[in-house]
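This report concerns only the one structure given below.
The values are calculated or read from the model by the stated rules, or taken from the named source; none is laboratory data. None of the values given here were measured: they were computed from a predicted structure. All Cβ positions, even for glycine, are placed from backbone atoms using ideal geometry, and neighbour counts span all protein chains on display. The protein model used for the area step is the full one, side chains on, heavy atoms only, and it has no ligands, DNA or RNA in it. Shrake-Rupley method; radii C 1.70, N 1.55, O 1.52, S 1.80 Å.
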Amino acid sequence: MSGCNLIKFPACSSTARLQVAVQVAAADLVRASFSKMSVFGPVVKIHPVVVASICDSYERRNEGASRVIGTLLGTIDKHSIEVTNCFSVPHNESEDEVAVDMEFAKNMYELHKRVSPTEVIIGWYATGFDITEHSVLIHEYYSREASNPIHLTVDSALQSGKMNIRAYVSAQMGVPGKTVGVMFTPLTVKYIYYDTERIGVDLLQRTRLAATRTKGLTSDLSQVGCAAARVQDMLTTVLAYIEDVLSGKVTADNSVGRFLMDLVNKVPTISAEDFENMLNSNINDLLMVTYLSNLTQAQIALNEKLVLL
């Protein structure tokens with residue numbers, strides 16, 4: 001790979017290999033107890049566009065490549081790390097060394113800063129289920145680019161039957177004055193989205209039930225109807241739960257009760273007649289705006305045809 005900086009294992013030091021092996025073993029041990037331990041540290045919030053970009057990079061990987069890596073971009077606050085964007089970085093791996101195109105990564109980051117100056121490098125990702133010896137070496141590079149970077153693993157090959165996404169942060173381990181290693185500790189991962197991303201996610205969800213795995217965009221009225229149907233289903237579920245609690249079939253949950261009280265308090269006090277008048281007024285305004293926009297489009301199209309005559 002031209003223009004790549006090579007990250008190599010020390011050729012003559014078996015201690016270095018042993019150190020990396022211990023780091024990987026420690027990461028495997030932490031991952032094995034991931035579901036049983038309390039996770040401390042910042043919460044990693046991932047947007048859907050990041051997962052889609054990683055999967056696209058994996059599908060477009062070079063022939064013979066077992067995985068892809070890339071840089072994670074986002075923002076950091078006191079209690080969370082929000083991953084909002086990413087880009088893949090070309091690399092080659094062999095048994096003894098890993099070559100990463102650092103120049104490409106720097107140029108891509110400079111271009112991203114022009115579009116989103118608030119996004120900074122917060123870590124890196126790799127497809128696959130395991131943390132390998134090469135992962136430790138690549139993480140050392142990103143430790144120079146960001147303060148305490150995170151490492152995101154995406155099981156794009158579905159080795160565990162589903163796409164597991166896990167986040168880690170490195171912590172030093174060892175005896176003072178002796179060889180110091182790095183241990184990867186897991187972080188809590190949550191998925192968040194903007195309203196525009198939610199539309200795309202909902203559309204992808206609907207393609208699962210389609211025979212051709214394709215689905216077109218729905219009209220605004222259809223989206224309103226689907227949203228109203230979802231609200232009605234949720235209200236039906238809430239009413240069924242309340243009736244079961246009142247009849248003694250289900251034990252009351254105080255946390256659920258507080259959520260229901262907050263929900264009731266947020267409903268404005270308005271009569272049915274006033275609500276109907278307000279709704280009809282808003283609908284009339286919407287229809288008027290739609291009519292005016294269609295009329296404007298028709299006038300523009302007519303003007304273009306007259307100009308061509």
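Key figures for this structure:
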item: Which listed residue, of Tyr141, Tyr168, is outside any strand (DSSP E or B), among the aromatic types (Phe, Trp, Tyr) and either farther than 19 Å from Asn85 by Cβ or at pLDDT 85 or above (or both); result: Tyr141
item: Pick from region 210-237, criterion in a loop (DSSP other than H, G, I, E, B) and not polar (S, T, N, Q), ranking: least open to solvent (accessible area, probe 1.4 Å); result: Ala210
item: Neighbours by Cβ (under 9 Å, 6+ apart or cross-chain): first from region 208-235, under 19 Å from Ile283 (Cα atoms); second surrounded by 10 or more Cβ atoms within 10 Å (Cβ to Cβ) and hydrophobic (A, V, I, L, M, F, W, C); result: Gln223/Ile199
item: First in region 107-134 and within 15 Å of Phe87 (Cα to Cα) and part of a strand (DSSP E or B), second anywhere and hydrophobic (A, V, I, L, M, F, W, C) and open to solvent by 40 Å² or more (accessible area, probe 1.4 Å), Cβ under 8 Å, 6 or more apart; result: Val120/Ile76; Ile122/Ile76; Thr127/Ala157
item: Any strands (runs of 3 or more DSSP E) falling wholly within region 1-105 and containing at least 1 residues that are at pLDDT 50 or above, on the phi < 0 side of the Ramachandran plot and aliphatic (A, V, I, L, M); result: 43-46, 69-76, 80-89, 97-100
item: Out of Val120, Val136, sole residue that is assigned by the TED database to the domain that holds Arg61 and either open to solvent by 20 Å² or more (accessible area, probe 1.4 Å) or in contact with a strand residue (DSSP E or B) (Cβ under 6 Å, 6 or more places away or on another chain) (or both); result: Val120
item: Filter result (closer than 15 Å to Val238 by Cβ and surrounded by 10 or more Cβ atoms within 10 Å (Cβ to Cβ)) within region 262-305; result: Leu263
item: Asp130 being among the acidic types (Asp, Glu), closer than 21 Å to Glu197 by Cβ and open to solvent by 30 Å² or more (accessible area, probe 1.4 Å); result: no
item: Single unsatisfied condition, Thr212 versus (1) at pLDDT 85 or above; (2) farther than 19 Å from Ile54 by Cβ; result: (1)
item: Flag if Phe259 is among the aromatic types (Phe, Trp, Tyr) and either in a loop (DSSP other than H, G, I, E, B) or over 23 Å from Leu221 (Cα atoms) (or both); result: yes
item: Candidate set: region 238-261, residues that are within 29 Å of the chain's Cα centre (by Cα) and free of Cβ contacts under 8 Å to residues at least 12 places away in the same chain; chosen: the one surrounded by the fewest Cβ atoms within 10 Å (Cβ to Cβ); result: Ser255
item: Search result, residues across region 121-135 that are touching a Phe, Trp or Tyr at 6+ places or on another chain (Cβ under 7 Å) and of a type in the set (Phe, Trp, Tyr); result: Trp124
